[in-house]
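Here the structure comes first, spelled out in structure tokens, and everything after it is commentary.
The values are calculated or read from the model by the stated rules, or taken from the named source; none is laboratory data. Because the structure is a prediction, the values reported are computed rather than measured. Quick reminder, even Gly has a Cβ in these numbers, built from the backbone with ideal geometry, and neighbours come from all protein chains shown.
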Amino acid sequence: MIRKIVIAAAVTGLCTAQPTAQYRHTPHPFKQLKQELATPNAYRNAAGAPGHRYYQQQADYVMRIALDDERQRISGSASIVYTNRSPDPLTYLWLQLDQNIRRPSSEAQLTATSTIDELSTPRALKRTFSALRFEGGFALTKVTDGNDQPLHYAVVGTMMRIDLPQPLREGAAYTLQIDWEYAINDRSAIGGRSGYEYFEEEDNYIYTIAQFFPRMCVYNDVEGWQNKAFLGDGEFALPFGNYKVQITVPSDHVVAATGELTNARQVLTPTQRERWETARQSDQPVFIVTAEEAAANEQQKATDTKTWEFEAQNVRDFAFACSRKFIWDAQGVDQSDNTIMAMSFYPKEGNPLWERYSTRLVAHTLKTYSKFTFDYPYPVAISVHTKRIGMEYPMICFNGGRPNSDGTYSERVKYWMQTVIIHEVGHNYFPMIVNSDERQWTWMDEGLNTFLQYLTEQEWERGYPSMRGPAHLIVDYMKGDKSTIAPIMTNSESILQFGNNAYGKPATALNILRETILGRELFDFAFKTYAQRWMFKHPTPADFFRTMEDASGIDLDWFWRGWFFTNDHCDIALNAVKWFQINTRDPSTEKAFQQQIDERQPKNISELRNRTAIEQTANEANPLLDDRYTGKDPYAVTEAEKAAYSDLKASLSEEELQLLEDRHHFYQMDFTNEGGLVMPLILNITFADESDTLIRIPAEIWRRNPERVSKVFIFQQPVDSVALDPFLETADCDMRNNYWPRRTIPSRFDLFEERSRP
Amino acid sequence: MATTHRYAITIAEMAYDAPKNRIEVSLKVAAHDFEQLLAQVLHRPVHLEEQPDSSKAEHLISTYCEKYLSTHFKLSSGGFPTRFHYLGRELTPHESLYFYFSFSGIHNPKQVTVFSDVMTSLSRDQQNRIHYTYGGVTKSATLSAAQNKATLSFD
């Protein structure tokens, strides 16, 4: 119902001071993130870029590896050159021995919790015993300096400290020589990011080998040595360097690895080398090893060996896969400065999915991610198929998604396989090149990668059923029980609901930044700035937060605080909409208006009936009973009123007179923040003439009072309805309080019941 | 890494329908997890979307779902039991499996006790979140293996 705004003769500016109330949400949502982030310094500056004293270490590896296909063991010999570019003299070096997690006495195994219920299935029992019986872990047979002089070392769980005879000073390099061996784990039996898959009927293996050598830890200005134990969830922090690796395998194995194959003449046939060249020029996959050739190859077992040699520049890790079962296809992906070989290695069990999609997905992922970050700087990008996994390494990843044995597959399996490949290939960018500390912050690579994965999926197939990205998909998680929701800024090992916390929520946050807070153009510019600033370097969360603000020009502290540091959710309610027009003070206009209003009011039943039932009252029969009050028309304009109006007009200025003439419609809308997260107010207003308009109000509207705000909107015509967040942009967890007039929103049950009617 | 689905949460949205005097429920579970349960019972891997609607396998699965839900999700009102009616299930491409069922004969919709130990046999960390809407107001609770019952009251 419309109400009138009475403007006083002397129009005074309205200014009510807001009371400084104690808000429910502390600290204040708009408090700047000064105390939560490390102070900018010479290593990482206030703009979020590497500072003028930024340094990082380098670790170069020359390795000889032998794979024992009979006993499923790896033995290796490495020469590691570690360069200290920090200003700090180092008296010891730390390395990671990740295979040690497989020892039954490892911290990861000791601290795993279990109940009898959980173990009461054959599968769980088998897995438990397999893990207990497996003799995993590195056996170190040599730890010396470059001159074969033994070095003192201490193994601390999954870490190893090597004590240096002299401190290693700034700019100096030190050579370590380490020999080791270990047993490869059966991934079906005890899991693992690497290991083997055994095909029992054929007695054949697919080896997907990673974390297979002692790897240098990161030493930097933020953590000192990142030597936090490998417990299974927090992944890896690794320095960049150059690798030269020789891998000796049975001569009938096909090997896929990080880097460029430097001895193709020794290990590939002339036909294969020719096909390689054809593939390089082709924008569709070309077989280097066909399905028929692989089928023939997997029938026998070679007893002699071949050594494959690979070189990789500026990578943080090295992984490889080998099998006599591999089909191998490839295509070239052209960029302005180089051509990348996108390749896939898969057993026949992966078909028809793998030959149709894998290499094409690799190519598509490279093109899309490069658009948003930087050109892919490496020579190859590989997708390897083995069962039940998605795991990433520089230039190579291991991916699951297998059809049924008869070649059929469900839609879910297909989309799962495609999502995994996009995601794992995408990891080349985050964290292989933008090399964040995964042990500390899972979200910095998983969240950013999942976000780009979403954009890539949408460009792959229209209507791709992405599970993460759009704001409304995170609602179920965010409105859950708060005791099971940790903020995104939580250490990797302590996260609850890992997938939602470290993958889904940060990916959604970035999508909201892109679609709503910054808009696509500003976001894409800022995100690319971040990627290019920290390419081949080690960023921290503060560097990301600062760069996005610095490059976009939008203060995002409230956004980072709410989305990354709390477990608040978004639920903004449109509580009231009140309609006003200016009172003209002209009695003829206002009295006519009042008459309209009065006529719409309900009348009591007696009055209505009496209008016809009482034909004539005593007063109507006898005019002598009339006086000045009888029969008075309440809506007639009196002379006195007209005079008062003229006097008023005479007392007003030109401007004030104009105000009285104004016929605009004023709407005061009251909003409350029910969920805790302050978010922009996005309003779709529909008018009486069926036109509509979209109004976007930045979140700063909440900066004085984060719990309730009101705003008056002025329109030319009356409003029919208002919808808050009409395009599902803010992850609002309760849409029932978003509409005026209130709408009945059918439940899923209602919709399903409708559909199920015969 | 991509595979992280230790997704041990189900969400039940319940609403009271006054004209029909029943409480309508949609229960969201992780499709993959429920398939594990089915596989244990049927002793073979199960892919929910691969059962043609009229086949024997589909009938078996449908019957099992109904039995499982009626056993593991119970609702009483004002101290009185209610009648369980299974409506069906729906699989989304987002890996979510929705079950639809209702409870009739609601003695007092303002006081409802829910028992749920859905999926707790798979994982001790399983959490079952319930939301009950009555008269436009929603109340919620989280159930688990340790705490598998909750009463939601309105004044």
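Restricting A:ASN435, A:ASN428, A:ASN399, A:ASN449 to those that are in contact with a Phe, Trp or Tyr (Cβ under 6 Å, 6 or more places away or on another chain) and modelled with pLDDT of 95 or more reduces the list to A:ASN449.
The number of residues in the range A:703-744 being within 11 Å of chain B (Cβ to nearest Cβ) and over 29 Å from the mean Cα position of the chain (by Cα) comes to 2.
Is the range A:244-263 home to any residue that is charged (D, E, K, R) and more than 30 Å from A:MET444 (Cβ to Cβ)? Scanning the range A:244-263 turns up at least one residue that is charged (D, E, K, R) and more than 30 Å from A:MET444 (Cβ to Cβ).
Exactly one residue out of B:GLU24, B:GLU90 is touching a Ser or Thr at 6+ places or on another chain (Cβ under 6 Å), at pLDDT 85 or above and within 14 Å of chain A (Cβ to nearest Cβ), and it is B:GLU24.
What number goes with the only condition from (1) out of contact with any Ser or Thr (no Cβ under 8 Å at 6 or more places or on another chain); (2) at pLDDT 95 or above; (3) among the aliphatic types (A, V, I, L, M); (4) not in a strand (DSSP E or B) that A:LEU683 does not pass? The one condition A:LEU683 does not meet is (4). Of everything in the range A:487-500 that is surrounded by fewer than 20 Cβ atoms within 10 Å (Cβ to Cβ) and within 11 Å of chain B (Cβ to nearest Cβ), the residue that is farthest from B:ASP125 (Cα to Cα) is A:PHE498. Being among the aliphatic types (A, V, I, L, M) and more than 16 Å from A:GLY390 (Cβ to Cβ) is the filter here, so list the residues in the range A:185-238 that pass it. Within the range A:185-238, A:ALA189, A:ILE190, A:ILE209, A:MET216, A:VAL218, A:VAL222, A:ALA229, A:LEU231, A:ALA237, A:LEU238 qualify. Have a look at A:ARG696, A:ARG742, A:ARG704 and point out the one that is part of a strand (DSSP E or B), charged (D, E, K, R) and exposed (fewer than 13 other Cβ atoms within 10 Å of the Cβ). After ruling out the rest, the residue left standing is A:ARG696.
For the range A:221-270, the set of residues classified as within 10 Å of A:TRP308 (Cα to Cα) and of a type in the set (A, V, I, L, M) consists of A:VAL245, A:ILE247, A:VAL249, A:VAL254, A:VAL255, A:ALA256, A:ALA257, A:LEU261, A:ALA264, A:VAL267, A:LEU268, listed by residue number.
When you check A:ALA312 against the structure, is it under 30 Å from A:ASP98 (Cα atoms), surrounded by 15 or more Cβ atoms within 10 Å (Cβ to Cβ) and of a type in the set (A, V, I, L, M), yes or no? Spelling it out, A:ALA312 is indeed under 30 Å from A:ASP98 (Cα atoms), surrounded by 15 or more Cβ atoms within 10 Å (Cβ to Cβ) and of a type in the set (A, V, I, L, M).
Of the set (1) buried (at least 19 other Cβ atoms within 10 Å of the Cβ); (2) out of contact with any helix residue (DSSP H, G or I) (no Cβ under 7 Å at 6 or more places or on another chain); (3) in contact (Cβ under 8 Å) with a residue 60 or more places away in the chain, all apply to A:LYS325 but (2).
Within the range A:90-125, the set of residues being in contact with a Pro (Cβ under 8 Å, 6 or more places away or on another chain), of a type in the set (S, T, N, Q) and surrounded by fewer than 21 Cβ atoms within 10 Å (Cβ to Cβ) comprises just one member, A:THR91. For first residues located in the range B:36-59 and over 18 Å from B:SER123 (Cβ atoms), partners that are part of a loop (DSSP other than H, G, I, E, B) and modelled with pLDDT under 80 and lie 6+ apart or on another chain with Cβ distances below 8 Å form the pairs B:ALA57/B:GLN51; B:GLU58/B:GLN51; B:GLU58/B:PRO52.
Here A:ARG53 does not fit the description of being at negative phi, among the charged types (D, E, K, R), away from chain B (no Cβ under 14 Å) and outside any loop (DSSP other than H, G, I, E, B).
Scan the range A:443-486 for residues that are surrounded by fewer than 16 Cβ atoms within 10 Å (Cβ to Cβ) and within 25 Å of A:PRO431 (Cβ to Cβ) and the total you get is 2. Applying the condition of being part of a strand (DSSP E or B), free of Cβ contacts under 8 Å to residues at least 60 places away in the same chain and not small (Gly, Ala, Ser) to the range A:713-725 and asking which residue is surrounded by the most Cβ atoms within 10 Å (Cβ to Cβ) yields A:PHE713. Restricting the range A:617-659 to residues that are basic (Lys, Arg) and part of a loop (DSSP other than H, G, I, E, B) leaves a set whose member that is farthest from A:PRO587 (Cα to Cα) is A:ARG628.
Only one of the listed residues (A:SER105, A:SER86) is farther than 19 Å from A:HIS152 by Cβ, in contact (Cβ under 8 Å) with a residue 60 or more places away in the chain and part of a loop (DSSP other than H, G, I, E, B). That residue is A:SER86.
When you check A:GLY234 against the structure, is it within 14 Å of chain B (Cβ to nearest Cβ) and surrounded by 19 or more Cβ atoms within 10 Å (Cβ to Cβ), yes or no? Considered against the rule, which asks whether it is within 14 Å of chain B (Cβ to nearest Cβ) and surrounded by 19 or more Cβ atoms within 10 Å (Cβ to Cβ), A:GLY234 comes out as yes.
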